[in-house]
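Input: a single structure, listed below in C-alpha coordinates.
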Amino acid sequence: MSVPPSSHAVPAQECCPPLSVQALAPGTAGRLAPMFKALSDPIRLRLLSLIASQSEVCVCDLTDAFDVTGATVSHHLRVLRETGLVDSERRGTWVYYRMRRETLDLLGGLLLAPEQEPAGGKPAPVAPEPQLDQQKLISPNSDVLRLLGDPLRAEIVRLLADGPACTSHLVADTGAKQPNVSGHLKLLREAGVVTTEPRGRFTFYRLVPESLQGAALHLADLAAHARANAENFRDC
(Lines give C-alpha, C1' and ligand atoms only; values in the text may rest on other atoms or scores of the structure.)
Protein backbone atom coordinates (compact mmCIF):
# COMPACT_ATOMS: atom_id res chain seq x y z
CA MET A 1 0.00 0.00 0.00
CA SER A 2 1.68 3.19 -1.12
CA VAL A 3 1.15 6.43 0.76
CA PRO A 4 -0.23 9.27 -1.40
CA PRO A 5 2.26 12.06 -2.15
CA SER A 6 2.21 15.14 0.02
CA SER A 7 0.15 18.15 -1.00
CA HIS A 8 3.23 20.26 -0.14
CA ALA A 9 5.37 18.61 -2.80
CA VAL A 10 6.37 20.78 -5.74
CA PRO A 11 5.79 19.00 -9.09
CA ALA A 12 8.99 17.82 -10.75
CA GLN A 13 8.13 19.74 -13.90
CA GLU A 14 7.87 23.04 -12.00
CA CYS A 15 11.05 24.96 -12.73
CA CYS A 16 12.88 26.42 -9.74
CA PRO A 17 16.10 28.17 -10.89
CA PRO A 18 18.72 29.02 -8.24
CA LEU A 19 17.80 31.85 -5.86
CA SER A 20 20.50 34.05 -7.34
CA VAL A 21 19.01 33.67 -10.83
CA GLN A 22 15.28 34.10 -10.38
CA ALA A 23 12.94 35.00 -7.54
CA LEU A 24 10.58 32.34 -6.25
CA ALA A 25 6.86 32.83 -6.70
CA PRO A 26 5.08 33.19 -3.33
CA GLY A 27 3.17 29.94 -3.82
CA THR A 28 6.33 28.00 -4.67
CA ALA A 29 8.16 29.41 -1.65
CA GLY A 30 5.27 28.36 0.55
CA ARG A 31 5.46 24.78 -0.74
CA LEU A 32 9.25 24.54 -0.50
CA ALA A 33 9.58 25.98 3.02
CA PRO A 34 8.12 22.88 4.79
CA MET A 35 10.72 20.70 3.06
CA PHE A 36 13.61 22.82 4.34
CA LYS A 37 11.99 22.90 7.77
CA ALA A 38 11.70 19.10 7.75
CA LEU A 39 15.44 18.80 7.03
CA SER A 40 16.35 21.15 9.89
CA ASP A 41 16.06 18.35 12.45
CA PRO A 42 19.27 16.25 12.82
CA ILE A 43 17.36 12.98 13.22
CA ARG A 44 15.29 13.60 10.09
CA LEU A 45 18.38 14.67 8.15
CA ARG A 46 20.19 11.47 9.15
CA LEU A 47 17.11 9.39 8.38
CA LEU A 48 17.04 10.88 4.90
CA SER A 49 20.74 10.12 4.41
CA LEU A 50 20.16 6.49 5.44
CA ILE A 51 17.24 6.17 3.03
CA ALA A 52 19.15 7.92 0.23
CA SER A 53 22.14 5.57 0.53
CA GLN A 54 20.01 2.61 -0.62
CA SER A 55 17.19 1.99 -3.05
CA GLU A 56 14.80 1.44 -0.14
CA VAL A 57 15.00 0.77 3.58
CA CYS A 58 12.74 -1.15 5.94
CA VAL A 59 11.49 0.81 8.94
CA CYS A 60 12.88 -1.96 11.15
CA ASP A 61 16.43 -1.12 10.03
CA LEU A 62 15.89 2.62 10.52
CA THR A 63 14.58 2.16 14.07
CA ASP A 64 17.67 0.18 15.07
CA ALA A 65 19.97 2.97 13.86
CA PHE A 66 18.86 5.50 16.51
CA ASP A 67 18.92 5.70 20.29
CA VAL A 68 15.31 6.90 20.40
CA THR A 69 11.99 5.10 20.55
CA GLY A 70 10.36 3.54 17.52
CA ALA A 71 7.49 5.98 17.93
CA THR A 72 9.91 8.92 17.61
CA VAL A 73 11.45 7.48 14.45
CA SER A 74 7.98 6.87 13.03
CA HIS A 75 7.04 10.49 13.73
CA HIS A 76 10.10 11.81 11.89
CA LEU A 77 9.47 9.46 8.96
CA ARG A 78 5.90 10.71 8.77
CA VAL A 79 7.18 14.32 8.54
CA LEU A 80 9.56 13.37 5.73
CA ARG A 81 6.75 11.57 3.90
CA GLU A 82 4.17 14.33 4.32
CA THR A 83 6.57 16.98 3.03
CA GLY A 84 7.25 14.92 -0.09
CA LEU A 85 10.88 13.98 0.62
CA VAL A 86 10.31 10.22 0.78
CA ASP A 87 7.75 7.67 -0.38
CA SER A 88 6.67 4.59 1.55
CA GLU A 89 5.12 1.22 0.77
CA ARG A 90 3.71 -1.39 3.14
CA ARG A 91 4.58 -5.03 2.46
CA GLY A 92 3.06 -7.41 4.96
CA THR A 93 3.93 -6.19 8.46
CA TRP A 94 6.74 -3.82 7.40
CA VAL A 95 6.86 -0.41 5.74
CA TYR A 96 9.66 0.37 3.29
CA TYR A 97 10.90 3.88 2.54
CA ARG A 98 12.57 5.26 -0.57
CA MET A 99 13.79 8.76 -1.32
CA ARG A 100 12.13 11.01 -3.88
CA ARG A 101 15.20 11.91 -5.91
CA GLU A 102 13.41 14.56 -7.96
CA THR A 103 12.58 16.50 -4.79
CA LEU A 104 16.19 16.61 -3.58
CA ASP A 105 17.31 17.57 -7.09
CA LEU A 106 14.87 20.47 -6.94
CA LEU A 107 16.03 21.67 -3.50
CA GLY A 108 19.70 21.27 -4.36
CA GLY A 109 19.32 23.15 -7.63
CA LEU A 110 17.54 25.95 -5.80
CA LEU A 111 20.58 26.55 -3.55
CA LEU A 112 23.32 26.18 -6.16
CA ALA A 113 25.16 29.32 -7.21
CA PRO A 114 25.48 29.83 -10.98
CA GLU A 115 28.94 29.38 -12.45
CA GLN A 116 30.72 32.61 -13.35
CA GLU A 117 32.11 32.86 -16.90
CA PRO A 118 35.75 34.00 -16.71
CA ALA A 119 37.00 37.09 -18.52
CA GLY A 120 37.91 36.48 -22.15
CA GLY A 121 35.09 34.05 -22.72
CA LYS A 122 37.27 30.99 -22.10
CA PRO A 123 35.60 28.17 -20.23
CA ALA A 124 36.67 27.79 -16.64
CA PRO A 125 38.65 24.67 -15.79
CA VAL A 126 36.51 21.96 -14.28
CA ALA A 127 37.46 21.36 -10.69
CA PRO A 128 37.42 17.78 -9.43
CA GLU A 129 34.22 16.92 -7.61
CA PRO A 130 34.84 17.02 -3.84
CA GLN A 131 34.46 13.84 -1.86
CA LEU A 132 31.79 14.65 0.68
CA ASP A 133 31.71 13.28 4.20
CA GLN A 134 28.02 12.99 5.05
CA GLN A 135 28.54 12.83 8.80
CA LYS A 136 30.53 16.09 8.81
CA LEU A 137 27.90 17.80 6.65
CA ILE A 138 24.88 16.91 8.76
CA SER A 139 25.29 19.48 11.54
CA PRO A 140 26.25 22.68 9.63
CA ASN A 141 23.80 22.10 6.80
CA SER A 142 21.07 21.40 9.29
CA ASP A 143 21.53 24.96 10.58
CA VAL A 144 21.26 26.49 7.11
CA LEU A 145 18.27 24.36 6.16
CA ARG A 146 16.53 25.21 9.43
CA LEU A 147 16.94 28.92 8.71
CA LEU A 148 15.54 28.56 5.20
CA GLY A 149 12.52 26.74 6.63
CA ASP A 150 11.09 30.11 7.69
CA PRO A 151 9.34 31.85 4.75
CA LEU A 152 10.45 35.37 5.74
CA ARG A 153 14.09 34.33 6.20
CA ALA A 154 13.95 32.50 2.86
CA GLU A 155 12.59 35.68 1.26
CA ILE A 156 15.37 37.78 2.85
CA VAL A 157 17.98 35.37 1.46
CA ARG A 158 16.34 35.56 -1.95
CA LEU A 159 16.42 39.37 -1.86
CA LEU A 160 20.07 39.45 -0.76
CA ALA A 161 20.94 37.21 -3.72
CA ASP A 162 20.18 40.29 -5.85
CA GLY A 163 22.94 42.17 -4.02
CA PRO A 164 23.80 43.67 -0.60
CA ALA A 165 21.00 45.59 1.10
CA CYS A 166 20.42 47.40 4.37
CA THR A 167 17.61 46.70 6.81
CA SER A 168 15.40 49.48 5.46
CA HIS A 169 15.55 47.99 1.96
CA LEU A 170 14.52 44.57 3.27
CA VAL A 171 11.70 46.05 5.36
CA ALA A 172 10.34 47.83 2.31
CA ASP A 173 10.69 44.79 0.05
CA THR A 174 9.15 42.26 2.44
CA GLY A 175 6.55 44.46 4.13
CA ALA A 176 7.62 43.01 7.50
CA LYS A 177 8.25 45.07 10.62
CA GLN A 178 11.79 46.30 11.24
CA PRO A 179 12.36 44.37 14.53
CA ASN A 180 11.23 41.17 12.81
CA VAL A 181 13.59 41.66 9.86
CA SER A 182 16.46 42.58 12.20
CA GLY A 183 15.86 39.44 14.24
CA HIS A 184 16.02 37.24 11.14
CA LEU A 185 19.17 39.02 9.93
CA LYS A 186 20.79 38.38 13.31
CA LEU A 187 20.11 34.63 13.01
CA LEU A 188 21.39 34.57 9.42
CA ARG A 189 24.54 36.42 10.44
CA GLU A 190 25.23 34.12 13.40
CA ALA A 191 24.86 31.07 11.12
CA GLY A 192 27.31 32.56 8.59
CA VAL A 193 24.68 32.91 5.86
CA VAL A 194 25.17 36.69 5.65
CA THR A 195 27.92 39.13 6.59
CA THR A 196 27.70 42.83 7.43
CA GLU A 197 29.48 45.72 5.78
CA PRO A 198 29.30 49.32 7.10
CA ARG A 199 28.78 51.97 4.44
CA GLY A 200 28.54 55.44 5.92
CA ARG A 201 25.89 55.40 8.65
CA PHE A 202 24.21 52.29 7.24
CA THR A 203 24.99 48.61 7.64
CA PHE A 204 24.60 46.49 4.54
CA TYR A 205 24.01 42.75 4.60
CA ARG A 206 25.77 40.57 2.06
CA LEU A 207 24.80 36.96 1.25
CA VAL A 208 27.58 34.35 1.62
CA PRO A 209 27.13 32.02 -1.40
CA GLU A 210 29.33 29.31 0.14
CA SER A 211 26.86 28.82 2.99
CA LEU A 212 24.12 27.90 0.51
CA GLN A 213 26.54 25.92 -1.64
CA GLY A 214 27.34 23.60 1.28
CA ALA A 215 23.68 22.78 1.85
CA ALA A 216 23.12 22.34 -1.89
CA LEU A 217 26.06 19.94 -2.18
CA HIS A 218 24.73 17.88 0.70
CA LEU A 219 21.32 17.53 -0.96
CA ALA A 220 22.96 16.76 -4.29
CA ASP A 221 25.12 14.13 -2.57
CA LEU A 222 22.04 12.43 -1.14
CA ALA A 223 20.40 12.45 -4.58
CA ALA A 224 23.53 10.92 -6.14
CA HIS A 225 23.53 8.17 -3.50
CA ALA A 226 19.91 7.39 -4.32
CA ARG A 227 20.64 7.13 -8.03
CA ALA A 228 23.69 4.94 -7.49
CA ASN A 229 21.76 2.57 -5.23
CA ALA A 230 18.43 2.56 -7.05
CA GLU A 231 18.63 -1.21 -7.64
CA ASN A 232 20.45 -2.12 -4.43
CA PHE A 233 17.67 -4.10 -2.77
CA ARG A 234 18.44 -5.42 0.70
CA ASP A 235 17.74 -8.97 1.74
CA CYS A 236 14.72 -9.32 4.02
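Listed here are the residues, each with its yes/no results for (1) farther than 30 Å from G92 by Cα; (2) modelled with pLDDT under 90; (3) surrounded by 14 or more Cβ atoms within 10 Å (Cβ to Cβ).
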| residue | (1), (2), (3) |
| --- | --- |
| G163 | yes, no, no |
| L207 | yes, yes, yes |
| L219 | yes, yes, yes |
| C236 | no, yes, no |
Identify the single condition in (1) over 20 Å from A161 (Cβ atoms); (2) touching a residue at least 24 places away in the same chain (Cβ under 8 Å) that L19 does not satisfy, given that it satisfies every other one. (1)
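Here is a yes/no grid of residues against (1) surrounded by 16 or more Cβ atoms within 10 Å (Cβ to Cβ); (2) at pLDDT 90 or above; (3) more than 23 Å from the chain's Cα centre (by Cα); (4) of a type in the set (V, I, T):
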| site | (1), (2), (3), (4) |
| --- | --- |
| Q134 | yes, no, no, no |
| A154 | yes, no, no, no |
| S168 | no, no, yes, no |
| K177 | no, no, yes, no |
| E190 | no, no, no, no |
State the number of residues belonging to segment 192-236 that are closer than 22 Å to S20 by Cβ and among the basic types (K, R). 2
Log entry, pairs with first residue in segment 152-180 being part of a loop (DSSP other than H, G, I, E, B), second being among the aromatic types (F, W, Y) and crowded, with 17+ Cβ neighbours inside 10 Å, beta carbons closer than 7 Å, six or more apart or on different chains, reads P164/F204; P164/Y205
Residue by residue through segment 29-60, note down the ones that are of a type in the set (D, E) and either within 11 Å of G149 (Cβ to Cβ) or in contact with a Leu (Cβ under 8 Å, 6 or more places away or on another chain) (or both). D41
Is it true that some residue in segment 227-235 is part of a helix (DSSP H, G or I) and not basic (K, R)? yes
If we keep just the residues of segment 46-97 that are touching a Ser or Thr at 6+ places or on another chain (Cβ under 8 Å) and part of a loop (DSSP other than H, G, I, E, B), which is surrounded by the most Cβ atoms within 10 Å (Cβ to Cβ)? L85
Which pairs have Cβ atoms under 7 Å, sit 6 or more apart or on different chains, and link a residue in segment 203-221 that is under 21 Å from P164 (Cα atoms) and assigned to a helix (DSSP H, G or I) to one that is modelled with pLDDT of 80 or more and of a type in the set (A, V, I, L, M)? S211/V193
Suppose we filter P4, P18 for residues that are more than 30 Å from I156 (Cα to Cα) and at pLDDT below 85; which single one remains? P4
Test for L145: is it in a helix (DSSP H, G or I) and surrounded by fewer than 22 Cβ atoms within 10 Å (Cβ to Cβ): no
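The values are calculated or read from the model by the stated rules, or taken from the named source; none is laboratory data. It should be emphasised that the depicted structure is a prediction, and the values quoted were computed from it without experimental measurement. Quick reminder, even Gly has a Cβ in these numbers, built from the backbone with ideal geometry, and neighbours come from all protein chains shown.
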